1. Out of the residues in the stretch 31-80 that are modelled with pLDDT under 85 and not in a loop (DSSP other than H, G, I, E, B), state the one that is surrounded by the fewest Cβ atoms within 10 Å (Cβ to Cβ).
2. In the stretch 11-30, what count of residues is obtained for those that are at pLDDT 50 or above and hydrophobic (A, V, I, L, M, F, W, C)?
3. Any residue in the stretch 178-190 that is touching a Lys or Arg at 6+ places or on another chain (Cβ under 8 Å) and either modelled with pLDDT under 80 or hydroxyl-bearing (Ser, Thr, Tyr) (or both)?
4. Is there a residue in the stretch 168-184 that is over 28 Å from Cys19 (Cα atoms), β-branched (Val, Ile, Thr) and over 14 Å from the mean Cα position of the chain (by Cα)?
Amino acid sequence: MRRFLSALSLAAIVPLAGCFDVDATIAITGEDQAEMDMQMTIDADLVAMIAGSGEDPCEGMVREDQADGSVVCSESKSGSIEELMSDPDMGEGLTIEKRAGGLVYVAFDLDDLTGEMGMGDDDMSAEERAQMMAMMGSMFEGHAMVLNITGAEVVETNGTRSDDGKTATYEIPLTKLLDDTFTLPETFNALVRPGT
């Protein structure tokens, strides 16, 4: 999940350059099997800024250029839970553990993001900060990071359970990251029964 965490950090590092959306899903498909799918849509302004620094915004991922100049970066992996957790791009910021009764616990680590997303620039006046927040708010409007955990059944979660009971979702609207009173939980997690 290193790439996923890097994507989330973009909101703190380059918020004035443009916006992006992230959709990441961990599916526990069997007792010891999991699949990860991540899609990140980066708007044209942010793509241009990243490309200007000589880097590929989709490094290590499948890149699909869109007609409007935006880019969709995607990545999919599947295998045993042990294989996925030993992958350096997956293991960081993600926990997958077998639990009693054949259940599997999955958690996205959000704790580090809380500090990275802060807008606290002590050198800014209250007026400058308000102006920056207003500008960023309009740019962030409609953009979000969506995390999903799926299985045959979501037994418990701190996210939102789908109507069919198979998916737990946690959505982080980018505009919320500008609100000083908004706090993320340490993790978005779910206890799931494996299967599809």
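The values are calculated or read from the model by the stated rules, or taken from the named source; none is laboratory data. Just so we're clear, the structure is a prediction, and the values are computed from it rather than from any experiment. FYI the Cβ positions are ideal-geometry reconstructions off the backbone, even for glycines, and counts take in every protein chain you see.
1. So the residue we want is Gly52.
2. Residues that pass the stated criteria total 7.
3. Checked against the condition, which is being touching a Lys or Arg at 6+ places or on another chain (Cβ under 8 Å) and either modelled with pLDDT under 80 or hydroxyl-bearing (Ser, Thr, Tyr) (or both), the stretch 178-190 yields at least one hit.
4. As a first pass, look at the stretch 168-184 and keep what is over 28 Å from Cys19 (Cα atoms): none.
No, the stretch 168-184 contains no residue that is over 28 Å from Cys19 (Cα atoms), β-branched (Val, Ile, Thr) and over 14 Å from the mean Cα position of the chain (by Cα).
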